[in-house]
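Structure first, then comments.
The values are calculated or read from the model by the stated rules, or taken from the named source; none is laboratory data. Values in this document were obtained by computation on a predicted structure and should not be read as measured data. Cβ sites come from the backbone with ideal geometry, for glycine too, and all protein chains shown count toward neighbours. Side chains are part of the model used for accessible areas, which takes the heavy atoms of the whole protein and leaves out ligands, DNA and RNA. Shrake-Rupley method; radii C 1.70, N 1.55, O 1.52, S 1.80 Å.
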Amino acid sequence: MDEAAYDRLRRRQWLAGEARADGVDRRTLLRLLSAAGVVTTPALADTALAPSQASADGPVAAAGAATGPVPGIVKPLPAEWFVPHGTNAEMRWDALRDTDGGTGIGRHIPVERFFVRNHTSTPLIDPDTWRLKLFGTGLSGAPTADRPVEFSLADLRSLPAARISALMECAGNARSYFLTQQHQAVPGTPWTLGGVGSASWRGVRLADVLREAGLAPGAVDLLPTGLDPSYVVGGTDYGPVRRPLPLAKALEDVLLAYEMNGEPLTPDHGAPARLVVPGWVGIASIKWLGSIEVADGPLYSPWNTDFYRMFGPDYPPGGGVPLTDQVAKSAFELAAGAVLEAGSTHRLHGRSWSGAAAVRRVEVSSDGGRTWRRAELRDEPRAHNWTRWTFDWRPERPGPYELRARTTDRRGNTQPRTAVFNREGYLFGAVVAHPVTVV
Ligand SMILES: Nc1nc2c(c(=O)[nH]1)N[C@H]1C(S)=C(S)[C@@H](COP(=O)(O)O)O[C@H]1N2
Ligand SMILES: [Mo]
């Protein structure tokens, strides 16, 4: 069965009430949520968290990094590189380029500048005692959770290594523009465009790990689970962050990564090992991977039933299918409100990307989207990554301007003028107006 057909099947099962989110059916879940007085978007309500420690004396310890601008993130978050949002840190696009417009950051974002999206807080995991545990009806012999197939980090490193260059992007990236451009209020982290980064990831193909563990012919769904503290919001404990992944995608191109940009993963980005699911919403790329259930039937968790799906007037009554591909986006490596001189030529830098395919072209407008001119592509466009571009702009008259960049990918997806509203503000892919002042 292909992935789309499988997703449709899961949706039908869900709507028929067969699907259960860990023993809680949808109606009960909605009742619990409304009783708690919160909107049904707990994944996005970054405040009111009550993180509990996953394990007191296992291989996992609390980061305890409550000193910086974002509690629970271990690495330093200098204000010139990051904007803090609740438990998350957004990358500043203007930090990718020196103020003189000189040397920029390469295609990959250095680890110390990479955005962080944590539901709770970064756990510190001992790589020597850590084990990845696989179990479930989709493995031969159907090992149970108490007697799983285990891999140490050394076991994983002894399997053939693979490397991919891929984006990591939050489904909520650019969410704030629903409000600022479309006057549609949505809850959750108000990212501008910095909930995305590109890195070189090295590890082992998930397909190889599954084969090694003994994949059974009837396997259809995986449930990768993180070792971070349980996600608790509005009085409901949703358990550890975990989101089902269809086997078809797992076998296609998913990496179980232990390195990022040539170095072992750092705590904030999932050490000792995480998934990297190319092209898909970031939530699929589970960090601090502890276990993977492999099942011969569909699997559910709140992260594919209520969070990271589309709800709203333009979506089916029960919500859209669980989110997969990211939409196309473009960003300028320039501060919002940057001041530029009239009568001289400015080389503007930016990047464009799409989850569905490589970038085909990028166009820039400085007149409110009436006329567009091609930007010059500076990278060979590749799937699952962004393409850097430049655009020479010579504004003659002083005054306020809005710059716009839009991309079209190789499947013909073009960034629209407006994004279709959804209640949680996922996948904002419309063209973003970037204000600058010419003096
Ligand atoms: N275990 C776990 N995995 C997780 C998350 C999390 O909170 N816990 N956040 C997810 C989300 S929503 C995103 S966008 C990416 C962010 O990866 P990064 O923090 O390395 O940039 O990790 C994903 N994996
Ligand atoms: Mo995310």
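Quick test for you: out of 262, 297, 270, pick the one residue that is of a type outside the set (S, T, N, Q), more than 10 Å from ligand 1 (Cβ to nearest atom), at positive phi and in the same structural domain as residue 220 (by TED's automatic domain parsing).
Residue meeting the stated conditions: 262.
From 359, 327, 281, which residue is more than 28 Å from residue 80 (Cα to Cα), β-branched (Val, Ile, Thr) and within 20 Å of the chain's Cα centre (by Cα)?
359
Among residues belonging to region 162-176 that are more than 8 Å from ligand 1 (Cβ to nearest atom) and part of a strand (DSSP E or B), point out the one that is nearest to residue 192 (Cα to Cα).
167
Pick out, from region 69-158, the strands (runs of 3 or more DSSP E) lying fully within it that include 3 or more residues that are on the phi > 0 side of the Ramachandran plot and within 16 Å of ligand 2 (Cβ to nearest atom).
It comes to none.
Could you check residue 196 against (1) away from ligand 2 (no atom under 16 Å from the Cβ); (2) touching a Cys at 6+ places or on another chain (Cβ under 8 Å) and say which number it fails?
Tallying (1) away from ligand 2 (no atom under 16 Å from the Cβ); (2) touching a Cys at 6+ places or on another chain (Cβ under 8 Å), residue 196 fails exactly one: (1).
Go through 318, 279, 239, 312 for me and flag whichever is of a type outside the set (Lys, Arg) and touching a Leu at 6+ places or on another chain (Cβ under 7 Å).
Step by step, each of 318, 279, 239, 312 is checked, and only 318 is of a type outside the set (Lys, Arg) and touching a Leu at 6+ places or on another chain (Cβ under 7 Å).
Please work out if residue 281 is more than 21 Å from residue 175 (Cβ to Cβ), within 16 Å of ligand 2 (Cβ to nearest atom) and open to solvent by less than 10 Å² (accessible area, probe 1.4 Å).
For residue 281, the condition - more than 21 Å from residue 175 (Cβ to Cβ), within 16 Å of ligand 2 (Cβ to nearest atom) and open to solvent by less than 10 Å² (accessible area, probe 1.4 Å) - is not met.
Here is a yes/no grid of residues against (1) assigned to a loop (DSSP other than H, G, I, E, B); (2) without any contact (Cβ under 8 Å) to a residue 40 or more places away in the chain; (3) aliphatic (A, V, I, L, M):
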site: 286; (1), (2), (3): yes, no, yes
site: 291; (1), (2), (3): no, no, no
site: 300; (1), (2), (3): yes, no, no
site: 310; (1), (2), (3): yes, no, yes
site: 313; (1), (2), (3): yes, no, no
site: 319; (1), (2), (3): yes, yes, no
site: 335; (1), (2), (3): yes, no, yes
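Give me the pairs: first residue in region 208-228 and among the hydroxyl-bearing types (Ser, Thr, Tyr), second residue outside any helix (DSSP H, G or I) and open to solvent by 20 Å² or more (accessible area, probe 1.4 Å), beta-carbon distance under 8 Å, and six or more apart or on different chains, which are they?
Short answer, once both residue conditions are applied: 225/240; 225/242; 225/291; 225/293.
Taking the criterion of being β-branched (Val, Ile, Thr), assigned by TED's automatic domain parsing to the domain that holds residue 344, within 27 Å of residue 323 (Cβ to Cβ) and assigned to a strand (DSSP E or B), would at least one residue in region 415-429 satisfy it?
no
Please enumerate the residues belonging to region 130-164 that are of a type in the set (Gly, Ala, Ser), open to solvent by 40 Å² or more (accessible area, probe 1.4 Å) and within 27 Å of the chain's Cα centre (by Cα).
The initial filter retains those residues of region 130-164 that are of a type in the set (Gly, Ala, Ser), namely 136, 138, 140-142, 145, 152, 154, 158, 161-162.
Subset that is open to solvent by 40 Å² or more (accessible area, probe 1.4 Å): 140-142, 145, 154, 158, 161.
Within region 130-164, just 161 meets the criteria.
So for region 198-214 (the condition being open to solvent by less than 30 Å² (accessible area, probe 1.4 Å), of a type in the set (A, V, I, L, M, F, W, C) and in a loop (DSSP other than H, G, I, E, B)), does at least one residue qualify?
no
Among the residues of region 159-189, write down those that are closer than 15 Å to residue 427 by Cα, touching an Asp or Glu at 6+ places or on another chain (Cβ under 9 Å) and more than 14 Å from ligand 2 (Cβ to nearest atom).
Answer for region 159-189, where residues must be closer than 15 Å to residue 427 by Cα, touching an Asp or Glu at 6+ places or on another chain (Cβ under 9 Å) and more than 14 Å from ligand 2 (Cβ to nearest atom): 186, 187.
Pick from 78, 127, 110: which is in the same structural domain as residue 156 (by TED's automatic domain parsing) and free of Cβ contacts under 8 Å to residues at least 40 places away in the same chain?
Of 78, 127, 110, the one residue that is in the same structural domain as residue 156 (by TED's automatic domain parsing) and free of Cβ contacts under 8 Å to residues at least 40 places away in the same chain is 78.
What are the residues in region 256-273 that are open to solvent by 10 Å² or more (accessible area, probe 1.4 Å) and part of a strand (DSSP E or B), if any?
Within region 256-273, 259, 263, 264 qualify.
Tell me which residues, restricted to region 223-250, are out of contact with any Asp or Glu (no Cβ under 6 Å at 6 or more places or on another chain), part of a helix (DSSP H, G or I) and surrounded by fewer than 21 Cβ atoms within 10 Å (Cβ to Cβ).
Answer for region 223-250, where residues must be out of contact with any Asp or Glu (no Cβ under 6 Å at 6 or more places or on another chain), part of a helix (DSSP H, G or I) and surrounded by fewer than 21 Cβ atoms within 10 Å (Cβ to Cβ): just 249.
Looking at (1) assigned to a strand (DSSP E or B); (2) crowded, with 17+ Cβ neighbours inside 10 Å, find the lone condition where residue 356 falls short.
All conditions pass for residue 356, except number (1).
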